[in-house]
Amino acid sequence: MLNRHTASAAHQLRNGHRLGISAVLALAMVAGCSADEEKTSMPETSAQTQGKPEMTADAESTATAAVNNGEKAVDPAIWGTIKMPVAKDPAMEQRIDEIIAAMTLEQKVGQVIQADISAVTPEDVKKYYLGSVLNGGNSAPNGDLHGPAQDWIDLADAFWEASMAEDGPQIPIIWGTDAVHGHTNIPGATVFPHNIGLGATGDADLLERIGAATAMEIRVTGLDWTFAPTLAAARDDRWGRAYESYSEEPELIAKLGAALVHGIQGVPGTDNFLDSSKVVATSKHFLGDGGTDGGKDQGETISTEEELRDIHGAGYYSTLNAGVQSVMASFSSWGDQKMHGRKDLLTDVLKEQWDFDGLVVGDWNGHGQIKGCTATDCPDSINAGLDMYMAPDSWKGLYETTLAHAQSGEIPMARLDDAVRRILRVKMRANLFEQPKPSEREYTGKFEYLGGDEHTEIAREAVRKSAVLIKNNGNVLPLSPGANVLVAGDGADNLSKLSGGWTISWQGEGISKKDFPQAETLLDGIRRNVENAGGTLMVDRNGETSSTPDVAVVVFGEDPYAEFRGDIGTLDYKPGDDRDVELLRKLKADGVPVVAVFLSGRPLWMNPELNASDAFVAAWLPGTQAGALADVLFTDAAGEVQHDFTGRLSFSWPKRADQYRLNKGDENYDPLFPLGYGLTYGDESTLDELHEDAVATEANTLTLFDNGAVIGGWTLKVMDDQGAEEWSLGAVSSPSKALTVKPADLGQQENALRATWDGSAPAELIMTRTPTDFSRETNAQFALAIDYLVETPASGDVHLTFACGEDCGAPFNVSSMFSQSNYGGVQSVMLPLKCVADAGVDMTKIDTFALKTTGELEIVLAKIAVVPAVGGATCTNFPLVK
């Protein structure tokens, strides 16, 4: 337990309760409106009690009698009203009328479709009159994620010129991007802390400045629209997008979300609203994305209608009042109905009850998840209120079917015209009709703003304010920069780990200082402090030193991830992998004071690591200016504190690894550290020894084999025409000895598996488990990746088969991947799951992966996993075996 010897505001909760609707609406007025404008109204309610709004007697009895968990349509009347702060301009509406009247049906259909730049060309934009493009997390001009910013400008020009062709409607295209913690697809841009860290700052002014800096950097590259802010109220921290949420607390989400919108778009009614330095913002993901069952991305949101409104809707009240111009529909379901198809929410509440007159955009092929729909055919979504389909690679087929549905009347012309009107209205408000091509706009190409000094200093401020001091036994912190300091762990100089997902690539892997030359890692910041004060710095990942340091700063944490890969089955930090805690224990056993700096996208059960540390800092995902944290950890050379800790937990910290839904206001709320907790240097506190009793963990089905072991509930077998044998340890052969597998070393002892086919008979290496649904991963462009070393090239064909039960499956010819020895290093074969789905395999019940050959082959397997498809993997590389 925590013994608090000094009362301090650091230990107080920051209004940690669930808001009633009246409180949410009141906050929305403050966050999104000027003091003399009343833009929100709601049926009479009084102060909330026990986390729920009080109602009149009649309303309360009605609600009690008819609790709605999503199985029926919502009642818009209980959702309040919002008057959008940007009034319709009669002259603009007249101009829109004239444009729509002159458009052909084909041109209207083109406007409601958004394609990914990896799957569309400027010629396509011209031919199909497409209204928008986006760059997904793994898309970049010329397919080069690490290419220069000028490439983005050049491609933006090409798309714009195609949309403005003389023989078309001359409606400028709008380009959307996921600038969720800075314009982070662009090398050299400013990378701010992720939202979970910004939530810990609680600083709305900082968020507004971050929004303005991000918008300016987007403008530098010629783009017009960002898919931010994320307003998710993450309720289960196993969710792989928890770090995109500001908090579990609706009030804080509402406050910070509105501030970011003001920064990105400017303030309605002022001269800076959508001026040349601003871009269109997006409130996402509407609605309930953070409340899914088990924290599964794109899953079923568990809530009543009132909870959906009060908890998950809070950020929408505030950002609509702030003038946000687009809203993105959520992948998630409520009442087993996908949000992309819920007319009661997209139209009846958002557009009619709340008076939202901007555009509703879909998420990545999200329309295809509606029952009865596919990615290339879904009239239901636009009829429900979607205005723009996000159809990254499915756009051409979707264009054809949408055109046919409009011709037949299945999509009413009034609905199509309304969608086009909303798209044109947003484009006009963003001044796209008045602006020249992207390269000729005011800030395009002014690369001094991209990662410039002013923006970098904002990022450094955010890093300092976001870190939360969890433990400081014996007042180990702050550190003296004149000491003999050891930096250990794998995170201090790892930009991918410091920045997290949605940085250059979707999952955030493989970034370096070549991408961000202005970056200061935490190691850089520590070195700067220590060397300037005349101290001594030792750096060793494993904590090995020739002399005993005065203190060790151990930086470790989660590897980068985004959705899917980030979904986990337990809050236990790295179950089965004790390397980090053993490093902490080793140093502490040597008598070295240990400061743990934990990098993560969520709070996790860390009791062993907390016990093995004298001080513990939750640094979240600080970004490329992580070095600023060193200015909090260390005093100056004179011993004066440079910056104190001001961060406070915006998520409750678990006491047990199975406290999956741990939110202030819930029944049996019992965290280790509550919402709003955080120490300062003025606090005297001692954290007593914590229990280290772990709980059973749920298998991660996306990893099949790693570090020499079969994991994730999978089983490995070797099979030939005489039967099959299961492998667990040691060596095992198929019944006829045609295939043998045994442990192998790849830099470490027995961290791989050697598989040898002797060519005497056809044989296959098989991975099996209970049927598993890979449809989400298929939609998200994942692939089966096999990391391997070829020692004896294949003498016959090699087939990789995906199976989904008896008489259900497809074999692919992967012979070219195993035709040459590669003693130079491990390589990877990556077969996109989309290829498997296109072959007719039912991706909802995959139970087998098999590698088979009729000839000789010897390989060393390092890893088998389902991962995001990158590096140009296409179906053409893997012919289907007929």
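The values are calculated or read from the model by the stated rules, or taken from the named source; none is laboratory data. A quick note: this is a predicted structure, and the numbers were derived from the prediction, not measured. We place every Cβ from the backbone using ideal geometry, glycine too, and count neighbours over all the protein chains shown.
The table for this structure:
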{"read-out": "Where Met843 falls short, out of the listed (1) of a type in the set (A, V, I, L, M, F, W, C); (2) touching a helix residue (DSSP H, G or I) at 6+ places or on another chain (Cβ under 7 Å); (3) farther than 30 Å from Gly362 by Cβ", "value": "(3)"}
{"read-out": "Count - residues of the stretch 660-685 that are polar (S, T, N, Q), surrounded by 14 or more Cβ atoms within 10 Å (Cβ to Cβ) and at pLDDT below 95", "value": "1"}
{"read-out": "Number of positions in the stretch 76-92 that are more than 31 Å from the chain's Cα centre (by Cα) and buried (at least 16 other Cβ atoms within 10 Å of the Cβ)", "value": "1"}
{"read-out": "Total residues in the stretch 237-252, condition crowded, with 24+ Cβ neighbours inside 10 Å and either assigned by TED's automatic domain parsing to the domain that holds Glu667 or under 15 Å from the mean Cα position of the chain (by Cα) (or both)", "value": "9"}
{"read-out": "Any chance Gly576 is in a helix (DSSP H, G or I) and either touching a strand residue (DSSP E or B) at 6+ places or on another chain (Cβ under 9 Å) or of a type outside the set (Ser, Thr, Tyr) (or both)", "value": "no"}
{"read-out": "Those residues of the stretch 253-293 which are assigned to a loop (DSSP other than H, G, I, E, B), of a type in the set (A, V, I, L, M, F, W, C) and over 18 Å from Gly176 (Cα atoms), in sequence order", "value": "Val267, Phe273, Leu287"}
{"read-out": "Test: residue in the stretch 301-324 that is in contact (Cβ under 8 Å) with a residue 24 or more places away in the chain and within 23 Å of Ile113 (Cα to Cα)", "value": "yes"}
{"read-out": "Failed item, numbered, when Ser816 is tested on (1) out of contact with any Pro (no Cβ under 8 Å at 6 or more places or on another chain); (2) buried (at least 21 other Cβ atoms within 10 Å of the Cβ); (3) within 19 Å of Ile864 (Cα to Cα)", "value": "(2)"}
{"read-out": "Conditions (1) in contact (Cβ under 8 Å) with a residue 40 or more places away in the chain; (2) under 19 Å from Ser795 (Cα atoms); number of the one not met by Val867", "value": "(2)"}
{"read-out": "Residue list for the stretch 559-609, restricted to those being charged (D, E, K, R) and surrounded by 21 or more Cβ atoms within 10 Å (Cβ to Cβ)", "value": "Glu563, Arg565, Asp567, Asp572, Asp580, Arg602, Glu609"}
{"read-out": "The stretch 350-375: number of residues that are of a type in the set (D, E, K, R) and either in a loop (DSSP other than H, G, I, E, B) or under 25 Å from the mean Cα position of the chain (by Cα) (or both)", "value": "4"}
{"read-out": "Every residue from the stretch 376-390 that is in contact with a Phe, Trp or Tyr (Cβ under 8 Å, 6 or more places away or on another chain) and part of a helix (DSSP H, G or I)", "value": "Ser381, Ile382"}
{"read-out": "Strands (runs of 3 or more DSSP E) fully within the stretch 670-762 counting 2 or more residues that are in contact with a helix residue (DSSP H, G or I) (Cβ under 9 Å, 6 or more places away or on another chain)", "value": "685-687"}
{"read-out": "Residue within the stretch 576-583 that is more than 18 Å from Ala612 (Cβ to Cβ), in contact (Cβ under 8 Å) with a residue 60 or more places away in the chain and not polar (S, T, N, Q) present", "value": "no"}
{"read-out": "When residues of the stretch 552-577 are limited to those that are at pLDDT 95 or above and among the β-branched types (Val, Ile, Thr), the one nearest to Gly623 (Cα to Cα)", "value": "Val555"}
{"read-out": "Restricting the stretch 77-91 to residues that are of a type outside the set (Val, Ile, Thr) and touching a strand residue (DSSP E or B) at 6+ places or on another chain (Cβ under 8 Å), the residue that is farthest from Ala430 (Cα to Cα)", "value": "Gly80"}
